[in-house]
Every structure is written in C-alpha cells, then in structure tokens.
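A.B. asks: Before I ask anything, here is the structure I am working with.
The values are calculated or read from the model by the stated rules, or taken from the named source; none is laboratory data. The structure presented is a predicted model; accordingly, all values stated were derived computationally and were not measured. Methodologically, a virtual Cβ is constructed for each residue, glycine included, from the backbone with ideal geometry; neighbour enumeration extends over all protein chains shown. Ligands, DNA and RNA are excluded from the accessible area calculation, which covers all protein heavy atoms including side chains. Shrake-Rupley method; radii C 1.70, N 1.55, O 1.52, S 1.80 Å.
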Amino acid sequence: MSTMDNRTGDGTRAVRAGLPDPVAYEPTLPGPVFAAHYHLPGEPTGPYTYGRDENPTWTHLERAIGELEAPEETGVETVVFASGMAAVSAVLLSQTRAGDTVVLPSDGYQALALVREQLEAYDVRVRTAPTGGDAQLGVLDGARLLWIETPSNPGLDVCDVRRLADAAHAAGALVAVDNTLATPLGQRPLELGADFSVASGTKGLTGHGDVLLGYVTCRDAELAARVRRWRKVVGAIPGPMEAWLAHRSLATLQLRADKQGANALALAEALREHRAVSGLRHPGLPGDPSYTVASRQMRRFGSVVSFTLPDRGYAERFLGGLRLAEEATSFGGVRSTAERRARWGGDAVPEGFVRFSVGAEDPEDLVADVLRALDAAAP
Ligand SMILES: *Cc1c(COP(=O)(O)O)cnc(C)c1O
C-alpha cells in the first residue's frame with residue numbers, strides 16, 4: 001500500500017491517493033485489469049479469485065477513496081459499486097432485517113423513495129423527517145439505522161452530523177451519511193461520527209459526466225464485510241474501466257472542487273439581488289440557512305446552487321437560453337449543467353425550481369451567461 005503521510009494537504013493527498021509503491025518500468029497508476037477470473041491453482045484463497053469478488057483496479061480505487069474519506073483513521077475500508085444507488089442499497093439492505101426501523105430524510109435524493117418501498121416490502125419500518133433543523137433527532141427512538149443526506153439534494157439543507165450521530169449511537173443506531181454532494185474533500189462523515197460514508201461517484205467525485213460509480217467507506221472491517229458480501233450477492237460491481245477512470249479523476253479532485261466551489265459562490269452572489277430569483281440556496285453563501293452548520297462541518301461547500309424562478313415557463317425559457325450550461329440532470333461536472341427539478345416529479349419543489357451545477361468555466365463568462373439568460377426569459 002502507498003505510504004501516504006496523513007498530515008499532507010488535500011491537493012497532495014488527491015494526486016497521490018491509492019497509488020501503489022513504485023515498480024520500475026510500470027505506470028504510476030496501473031491500467032485497468034480486465035479479468036473475469038484469475039489463475040487460481042489449488043486452494044481458492046484470494047486476494048483475486050473471481051471477477052465479481054475482487055479486482056486489483058478496485059483495490060487501488062478503494063484505497064484512494066479511503067485515504068480521502070478518512071485520512072486520520074485506521075481500520076477503515078471502502079467498497080466500490082457500479083453506481084451510487086448500488087452503494088446506497090447495499091448499506092440499507094445489508095444492515096437491516098424485518099422488524100428493524102430505519103430513519104431516512106424526507107427531502108433526500110429522489111430514488112430513496114424507491115428504496116423505502118423496497119424496505120417496507122421486506123417489513124422494515126421507515127420513518128422520515130426533514131434534513132434542516134436536525135429534525136431527524138425527533139424520530140430516532142428504537143431505530144436500527146439513521147440515514148443522513150447533507151447537504152440534501154436538491155434543497156441544499158444541512159444538518160449537524162456530529163449531533164445526529166451522537167444521538168443515534170446513544171439510541172443504538174448505526175449512522176450512514178450520503179456524501180455525494182460534498183465529496184470527501186468537502187466533508188468527512190466518519191470524522192464527524194458516522195459509521196458509513198456512502199456516495200455516488202458519478203457526480204463531483206469523478207466530475208466529467210462520463211462514469212457511473214458508487215462507494216461505501218465503512219468505519220471497520222466488520223461493517224465492511226457485510227457490505228462486501230452484499231456486493232457479491234447482488235453483483236452490482238463497477239467495470240474495471242470505470243474504476244480506473246474514477247481513480248484517474250481523483251487526481252484533479254481538489255482542483256475541481258476549489259474552482260467549481262468558487263464559481264458556485266460567485267454565481268450565488270450574482271443571483272442574490274436578482275428580482276426573478278427567490279429561494280436562493282448555497283451552503284457557502286453567508287446568510288444562507290445552512291451556512292452556520294456547513295461552515296463548522298464542511299471543508300468545501302460543493303458546486304450546486306439552487307433557486308426558484310417565478311413559474312415553469314420562466315424556468316424553461318431560462319434553461320433553453322443558456323449557452324454555457326447544458327440542460328441536463330446530475331451535477332458536479334466540469335461543464336455547467338442545470339435543470340428544472342420538478343420535471344421528474346419526485347421532489348417536493350416548486351415548478352420554477354432550478355438546480356444549477358456549476359462547472360469550471362471562467363466565472364465572468366458563466367455569470368454573464370446566466371444573467372443574460374435570466375433577462376431574456378422575462379415575460
Ligand atoms: C445521484 C445521487 C445518488 C445516486 O447515484 P447514481 O450514481 O446516480 O446511482 C445518490 N445520492 C445522491 C445525493 C445523489 O445525488
């Protein structure tokens with residue numbers, strides 16, 4: 001394993017994360033290993049036996065993500081998955097049994113509602129409360145697992161992870177945090193007391209809009225073993241090419257997170273006084289309802305800005321008029337994207353609600369384009 005000094009800065013850690021010890025005449029980051037099976041004479045012991053169980057390209061990526069999620073902790077293990085939802089489901093379905101109670105956010109990622117249906121079909125009881133105001137504290141009694149999503153997608157509310165984790169542990173519950181929006185450079189849930197940090201690597205972690213990936217970083221080997229077993233049972237494994245692309249993308253994570261975060265703040269500031277904009281949210285914007293808690297527990301605030309335009313038509317004209325941001329879902333990519341979130345029907349948001357994912361363009365260009373498109377969209 002590469003010997004990373006825990007005290008390095010985020011940029012140093014990002015470019016070196018998960019690299020194996022140098023081997024003469026081999027690449028710094030070994031290429032993807034394409035293998036359904038490995039030479040396996042005699043007793044079938046690992047580390048590499050069959051391609052659904054383990055792959056060296058995953059191993060490097062898992063070490064890299066673990067170094068970023070929990071640079072100061074030992075015993076932490078990461079398991080990579082084919083998508084964020086594969087990782088989310090792996091935790092929720094592998095850690096609960098019929099009769100258990102799970103607490104979910106009522107305002108989390110929209111596919112959580114589908115997982116809820118699945119849990120309930122297996123006789124797992126589900127309670128929900130909003131992310132903001134640490135409202136999940138009120139429904140923890142008797143819970144087996146608390147699921148936190150902060151900042152929440154798409155509303156960008158933030159809760160106090162440490163406070164919720166302490167209360168959940170006191171009540172005997174495990175704690176998982178969806179760290180998709182923040183990325184490990186934005187927040188480290190395990191340091192804030194969580195047992196699992198779970199994320200979609202499809203978004204800001206890989207940042208180029210060309211890979212689906214998920215991961216679970218677990219506090220200890222016992223929790224990780226259950227998650228790993230779930231991956232084997234369900235087979236929700238990433239392809240080696242995707243895993244390698246993700247690892248390659250980590251080298252620029254700090255550059256992207258800093259640049260896109262600064263751009264997001266610049267855009268939020270430019271929108272603050274605009275007469276067509278209401279409900280403007282970005283956790284790094286001073287005065288935002290999330291700002292105080294976010295400043296305490298986050299190291300970077302993410303690249304998403306959300307706001308509401310007067311109605312559906314206004315939002316559609318705005319999105320159609322943008323030249324530097326494509327109308328698309330997902331977020332965290334180097335090219336700005338935006339969408340009218342209500343078009344999916346899954347989130348409790350107004351018809352004119354826009355989730356804007358801020359890319360790595362020059363901020364003057366992006367802000368000018370957004371302000372021009374807003375004015376052009378006015379009725
Ligand atoms: C996108 C997303 C997911 C699901 O990730 P996929 O890679 O699309 O499966 C889970 N949680 C949050 C907060 C997300 O934004």
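A.B. asks: Going by average Cβ density within 10 Å per residue, which order do the peptides 296-305, 165-174, 53-62, 113-122 take, highest to lowest?
C.D. replies: My ranking of the peptides, most packed first, is 296-305, 53-62, 165-174, 113-122.
A.B. asks: Could you give log10 I(q)/I(0) at q = 0.12, 0.13, 0.14, 0.18 Å⁻¹ for segment 76-146, computed by the Debye formula over C-alpha point scatterers of equal weight, without solvent?
C.D. replies: Each listed q maps to, in turn, -0.32, -0.38, -0.44, -0.72.
A.B. asks: Calculate, in whole percent, how much of the Cα-Cα pair population of segment 254-377 lies beyond 20 Å.
C.D. replies: Result: 38 percent of Cα pairs exceed 20 Å.
A.B. asks: Can you give the helix-only mean residue ellipticity at 222 nm for the chain, where every DSSP H stretch with n ≥ 4 adds -39500 (n - 2.57) and the sum goes over all residues, rounded to the nearest 500 deg cm²/dmol?
C.D. replies: The helix contribution divided over the chain gives -10500 deg cm²/dmol.
A.B. asks: Quick one: among ARG13, ARG63, ARG317, which has the greatest mean-square fluctuation in a GNM of the chain with alpha-carbon springs under 10 angstrom?
C.D. replies: Greatest mean-square fluctuation among the candidates belongs to ARG317.
A.B. asks: Taking the convex hull of the alpha carbon atoms in the chain, what volume per residue do you get, in Å³?
C.D. replies: 140
A.B. asks: Could I ask something else about it? Given axes a ≥ b ≥ c from the Cα gyration tensor, I'd like to know whether segment 146-293 is rounded (a/c under 1.5), prolate (a/b larger than b/c) or oblate.
C.D. replies: Oblate is the answer for segment 146-293, as a/c is 1.5 or above yet b/c matches or exceeds a/b.
A.B. asks: A follow-up question, please. How big is the antiparallel share of DSSP beta bridges in the chain, given as a percent to the nearest 5? Provide the component values of the computation, followed by the final result.
C.D. replies: Values: 22 of 39 bridges.
The answer is about 55 percent antiparallel.
A.B. asks: Then there's this: For a test of the definition: using alpha carbon positions, the gyration tensor, and the 1.5 limit on a/c, classify segment 253-324 as rounded, prolate or oblate.
C.D. replies: oblate
A.B. asks: Which of these, TYR314, TYR25, TYR215, has the largest mean-square fluctuation under a Gaussian network model of the chain (Cα springs below 10 Å)?
C.D. replies: Looking only at TYR314, TYR25, TYR215, the biggest GNM fluctuation is shown by TYR25.
A.B. asks: Rounded, prolate or oblate: which fits segment 121-194 when a ≥ b ≥ c are the square roots of the eigenvalues of the alpha-carbon gyration tensor, with rounded for a/c under 1.5 and prolate only if a/b beats b/c?
C.D. replies: prolate
A.B. asks: Once ligands and nucleic acids are excluded and a 1.4 Å probe is used, how much of ARG312 is accessible, expressed in Å² to the nearest 10?
C.D. replies: 120
A.B. asks: Whenever you get a sec, line up GLU316, GLU26 from highest to lowest accessible area (probe 1.4 Å, protein heavy atoms).
C.D. replies: Sorted descending by solvent-accessible area, the residues read GLU26, GLU316.
A.B. asks: Let me ask something additional. Using per-residue counts of other Cβ atoms within 10 Å, averaged over each peptide, order 239-250, 89-100, 142-153, 267-278 from highest down.
C.D. replies: Listed from highest to lowest mean packing, they are 142-153, 239-250, 89-100, 267-278.
A.B. asks: What dipole magnitude, in Debye to the nearest 20, does segment 200-248 give about its Cα centre under +1 on Lys/Arg Cβ and -1 on Asp/Glu Cβ?
C.D. replies: Charge dipole, segment 200-248, about its Cα centre: 180 debye, nearest 20.
A.B. asks: Now for a different question. Connecting C-alpha atoms closer than 10 Å in a GNM of the chain, tell me which of GLY209, GLY75, GLY155 has the biggest fluctuation.
C.D. replies: GLY75
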